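Coordinate-derived values only; no laboratory data. None of the values given here were measured: they were computed from a predicted structure. Cβ sites come from the backbone with ideal geometry, for glycine too, and all protein chains shown count toward neighbours.
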Amino acid sequence: MSTQHERLRMMLTAAIFAAIIGILAQLTIPLPLVPITGQTLAIGLAATILGSRYGALSALLYMLIGAVGLPVFSGMSGGMGVIFGPTGGYIISFIFSAFFIGWYIEKTGVTVLHAFIANMIGMIINLAFGTAWLKVMAGLSWPEAFAGGFAPFIIGGVLKAFLASWIGILARKRLASARLLPQPAPKRTA
C-alpha cells in the first residue's frame, strides 16, 4: 500500500475516533463544577491505538467540530463558549495529552504497562491543565480548583487509564496484524 493511501486511511481513522470521543462525551456523571465523562477514556484509546500524531489529530478534530457548534461536548453542548468557558481547558488539553500518550508508547514499546504509564501521565496533563484553566476562568482559589477540578477525577482517571491501556493495546495489535494500522518499524540494536 502506498504511503499516500496509508496516510489517508489514518486520517480517516482519526476522524472516526473524533466521532467516538464525541459519543463517549455523552456518557456523563454530573458534578458541581466539572462532570465525569467518557471523553478521557476515548482520548486514551485514540492515542494508544493511533499513536502520537493521529491520536492528537483525533483530539484536535473533536475540539474543532465542537468549537464550530456541533453538540459533541458533554451534555450535547458545543461552540466557542464551551472552549473559552471554565471547562475548556480540559478539552484543549486533550490534544497535548493524546500526543504525549502516543509518543510515550512509540518511544518505550507497545505494551499494556507502557500504555498504562503513558495514560496515567496523560491523565495528569489533562487534569493539571484543566484545573489551571478552571481556576482562572471561574475565578477560583487553587484549593477550590483542585477540589472541584482535579481530586474528584483521580480514581476514575486511574480506571480509565487502565481500560484505555488494556483495550487500546489489544485493539492496536489486532488492527496492526490485520494490516489496518501501519506496522511499526523494527527497532535497531547496536
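For this structure, a couple of remarks:
- Under the Karplus curve 6.51 cos²θ - 1.76 cosθ + 1.60, θ = phi - 60°, whole-Hz ³J(HN,Hα) for the stretch 91-98, x wherever Gly or Pro sits: 5, 4, 5, 4, 4, 5, 4, 4
- Cα gyration tensor shape for the stretch 88-167, rounded if a/c is under 1.5, else prolate or oblate: prolate
- Ranked by how many other Cβ atoms sit within 10 Å of their own Cβ, fewest first, the residues 179, 53 fall in the order 179, 53.
- Put in line by how crowded their Cβ is, counting other Cβ atoms within 10 Å and starting with the fewest, 133, 142 read 142, 133.
- Among 58, 2, a tally of other beta-carbon atoms within 10 Å of each Cβ gives an order, fewest to most, of 2, 58.
- The stretch 61-97-the stretch 111-190 distance, computed between alpha-carbon centres (Å): 18
- Burial ranking of peptide ranges 155-165, 32-42, 102-112 (average Cβ count within 10 Å, highest at the top): 32-42, 155-165, 102-112
- Using the rule -39500 (n - 2.57) for each DSSP H run of four or more residues, divided by the residues of the chain, the 222 nm mean residue ellipticity is -24500 deg cm²/dmol.
- Among 149, 81, 22, residue whose mean-square fluctuation peaks in a GNM of the chain (springs only between Cα atoms under 10 Å): 81
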